[in-house]
1. Using alpha carbons only, how many angstrom separate the centre of the stretch 78-114 from the centre of the stretch 3-35?
2. Can you give me the Cα centroid spacing of the stretch 139-169 and the stretch 36-74 in angstrom?
3. Peptides 119-129, 141-151, 25-35: what's the order by average Cβ count within 10 Å, highest mean first?
4. Using only DSSP helix segments of four residues or longer, with each worth -39500 (n - 2.57), what per-residue ellipticity at 222 nm results for the chain after dividing by its residue count and rounding to 500?
5. So what J values fall out for the stretch 2-18 if you push phi through Karplus, 6.51 cos²θ - 1.76 cosθ + 1.60 with θ = phi - 60°, rounded to Hz, Gly and Pro as x?
6. Which one of 8, 88, 71 is farthest out on the positive end of the charge dipole of the chain, using unit charges on Cβ (Lys, Arg +1; Asp, Glu -1) and the Cα centre as origin?
Amino acid sequence: MTSTGTALRASRMALVAMVALFFSLVALGNLIDYGSNFAFVRHVLSMDDTFRSPALMGRAITAAPLHHAAYALIIGWQTGTALLCWWGLARLWRVRGADAGVFHGAKGVAIYGLTAGMLLYGVGFITVGGEWFAMWQSSTWNGQNTAHIFFMLAAVALLHLCGQEAPRA
């Protein structure tokens with residue numbers, strides 16, 4: 001394998017590791033400091049800091065058990081994403097010196113993990129939180145910009161991971 005091929009693989013694995021570490025720390029932080037981000041989830045679902053348009057307020061979820069269930073789903077999704085990325089990284093590491101077909105064949109679990117991370121922030125926060133629950137209307141509880149950053153972390157890693165392998169020299 002060429003030094004470029006080795007560098008590409010190392011770079012791809014490093015980005016998968018970055019996303020795995022990110023989701024691990026986010027999930028851990030949400031478990032250790034449950035209340036901080038729970039407040040965010042509660043306010044977004046309750047839509048209590050939006051323009052309170054009567055046409056939209058029927059979407060609001062104000063039941064505390066549903067807030068906790070949604071937050072548990074988010075934390076579970078973050079944990080699952082981290083585990084998939086770590087598992088995917090381990091698979092890639094084991095075949096890092098193999099031919100292109102073997103390395104490419106080992107990418108699947110990491111692809112699932114990176115995609116899961118993108119779906120959490122793209123669907124969960126940007127689409128559902130931002131649009132359905134009108135999070136964009138809140139000056140305090142609008143997490144769309146942060147969600148875009150998190151989405152892009154996983155997206156860049158996924159795009160790089162899925163790139164063509166360098167040919168053997």
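Quick note: the coordinates plus some simple rules give every number you see, no bench work behind them. Since this is a predicted model, take the numbers as computed values, not measurements. Here the Cβ positions follow ideal geometry from the backbone for every residue, glycine too, while neighbour counts run over all protein chains shown.
1. A separation of 12 Å, based on Cα centres.
2. Centre-to-centre distance over Cα atoms comes out at 27 Å.
3. 119-129, 141-151, 25-35
4. -22000 deg cm²/dmol
5. Going residue by residue, I get 6, 5, 5, x, 5, 5, 4, 5, 4, 5, 5, 5, 5, 5, 5, 4, 4 Hz, with x marking Gly and Pro.
6. Of the options given, the answer is 8.
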